[in-house]
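For reference, the structure discussed in these notes is given below.
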């Protein structure tokens, strides 16, 4: 397992070094070595990540069942908690996507008409409400388990 973590680290370090070389010498980025290096390092990282996930899943499945009184979380409970967190994650991403253009448009409008500041705040609040709805859903779902 430590070998796979080392391989993943090596892949990331290779990507960082290639990026630094690209920034230091942008005229030479058209060389033939650059694209295969990036692809090779990404492939190395992804394969090591997949192997690490596979080995970790095998270890979890092979582990003996632990008594519930020990405070351990079962696989089902862990998956339920991840499922409860998904609405918050997706709604937060959606709110971020919504707030970006609305905020930019609000600033553009405020440059021309500063008197409509209150309306732009309402629009931004509606966009942020998406994240609040996801948080409320997660809290309600968390109450069910």
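Observations
- Residue 27 being over 30 Å from residue 142 (Cβ atoms), modelled with pLDDT of 80 or more and exposed (fewer than 12 other Cβ atoms within 10 Å of the Cβ): no
- Test for residue 77: is it at pLDDT below 80 and either within 28 Å of residue 143 (Cβ to Cβ) or touching a helix residue (DSSP H, G or I) at 6+ places or on another chain (Cβ under 9 Å) (or both): no
- Looking only at the range 133-145, and only at residues there that are touching a residue at least 12 places away in the same chain (Cβ under 8 Å) and not in a loop (DSSP other than H, G, I, E, B), the one that is surrounded by the fewest Cβ atoms within 10 Å (Cβ to Cβ): 142
- Whether a residue is modelled with pLDDT under 85 and surrounded by 12 or more Cβ atoms within 10 Å (Cβ to Cβ) was assessed, and residue 86 does not pass this test.
The values are calculated or read from the model by the stated rules, or taken from the named source; none is laboratory data. The shown structure was predicted, so the numbers you read here are calculated from the model rather than taken from an experiment. Glycine gets a Cβ as well: all are built from the backbone with ideal geometry, and neighbour counts include every protein chain shown.
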